[in-house]
Amino acid sequence: YIMPRQIIIAFMVSISFASTYAIGDTVSVEHQNVPFEVHYGDYPSDTLRLSDQQGKIIIFGLSASWWPSVCTTSLEVLLDSYGHDSRIFIFENLDDPGQPYTYEQWGEIGQDGVPIIVDDIDDIPFYVYTYTLFDWFSINAYWMEIGILDHNMAYRYLGTSTYMVDDKIEEILSEPGWVIGDMNNDEI
């Protein structure tokens, strides 16, 4: 006999690792316009919206401050490759700040200047935390992943390999008719 409480807990656990978007999905306009507070790095505003970068390839890191700091090197390598390419925008999502690293400490470890946002909600119990970007994109039960959205806000990649990110970026840039800012693929 399964108790109703056990069913509810099993359901909550099963959906807790399900992402909103699958590879190939386009991020909804509503989600593109969610404002995230920028806590560190070089950004022209105090808030970052995905829609601010429409027409660019977006590379984003999903991290948590309790993850080993050596993991920041993945995004640092990508910064070296793409940090000066105006077609590409890179930012970091850092959850659980202060556990043990602050925004500044995390940024100074290896991603100096990259905008860092935090999307968790502090006023609710830990077991019902919602992590917006992590919930939208990740299907894993751990942090330190790299995601890619293409210039049309299509979700193209999530993983931990910088080599795969390089391959995916080159694939996107070599697609026929790809024009920066071409929202409807009409080559204008």
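Kindly list, by first and then second residue, each pair from a residue in the range 24-46 that is touching a residue at least 60 places away in the same chain (Cβ under 8 Å) and of a type in the set (A, V, I, L, M) to a residue that is outside any strand (DSSP E or B) and open to solvent by 40 Å² or more (accessible area, probe 1.4 Å), limited to pairs with Cβ atoms under 6 Å and residues at least 6 apart or on different chains.
Cβ pairs passing all conditions: Val38/Asp46.
Within the range 139-176, count every residue that is crowded, with 20+ Cβ neighbours inside 10 Å and of a type in the set (S, T, N, Q).
Residues that pass the stated criteria total 0.
Looking only at the range 7-22, decide whether some residue is in a loop (DSSP other than H, G, I, E, B), modelled with pLDDT of 90 or more and either out of contact with any helix residue (DSSP H, G or I) (no Cβ under 6 Å at 6 or more places or on another chain) or over 30 Å from Glu170 (Cβ atoms) (or both). Before you say what the answer is, go through the steps one by one.
The initial filter retains those residues of the range 7-22 that are in a loop (DSSP other than H, G, I, E, B), namely 17-22.
Adding the requirement that they be modelled with pLDDT of 90 or more leaves 21-22.
Add one more test, that the residue is either out of contact with any helix residue (DSSP H, G or I) (no Cβ under 6 Å at 6 or more places or on another chain) or over 30 Å from Glu170 (Cβ atoms) (or both), and what stays is 22.
So far as the range 7-22 goes, yes, one or more of its residues are in a loop (DSSP other than H, G, I, E, B), modelled with pLDDT of 90 or more and either out of contact with any helix residue (DSSP H, G or I) (no Cβ under 6 Å at 6 or more places or on another chain) or over 30 Å from Glu170 (Cβ atoms) (or both).
Looking only at residues in the range 147-188 that are modelled with pLDDT of 90 or more, touching a Gly at 6+ places or on another chain (Cβ under 7 Å) and not aromatic (Phe, Trp, Tyr), which one is farthest from Asp95 (Cα to Cα)?
His151
Could you please find all residues in the range 127-138 being modelled with pLDDT of 75 or more and of a type outside the set (Ser, Thr, Tyr)?
Correct list: Leu133, Phe134, Asp135, Trp136, Phe137.
Within the range 117-126, does at least one residue satisfy the condition of being modelled with pLDDT of 85 or more, open to solvent by less than 60 Å² (accessible area, probe 1.4 Å) and not β-branched (Val, Ile, Thr)?
Start the filter on the range 117-126 by keeping residues that are modelled with pLDDT of 85 or more, which leaves 117.
From what is left, the residues that are open to solvent by less than 60 Å² (accessible area, probe 1.4 Å) are 117.
Imposing the further condition that a residue be not β-branched (Val, Ile, Thr) reduces the set to none.
For the range 117-126, residues modelled with pLDDT of 85 or more, open to solvent by less than 60 Å² (accessible area, probe 1.4 Å) and not β-branched (Val, Ile, Thr): absent.
The values are calculated or read from the model by the stated rules, or taken from the named source; none is laboratory data. Nothing here was measured: the structure is a model prediction, and the numbers come from that model. Heads up, the Cβs are rebuilt from the backbone with ideal geometry, glycines too, and the neighbour counts pull from every protein chain shown. For the accessible areas, the whole protein counts, side chains as well, though only heavy atoms, and no ligand, DNA or RNA atoms are used. Shrake-Rupley method; radii C 1.70, N 1.55, O 1.52, S 1.80 Å.
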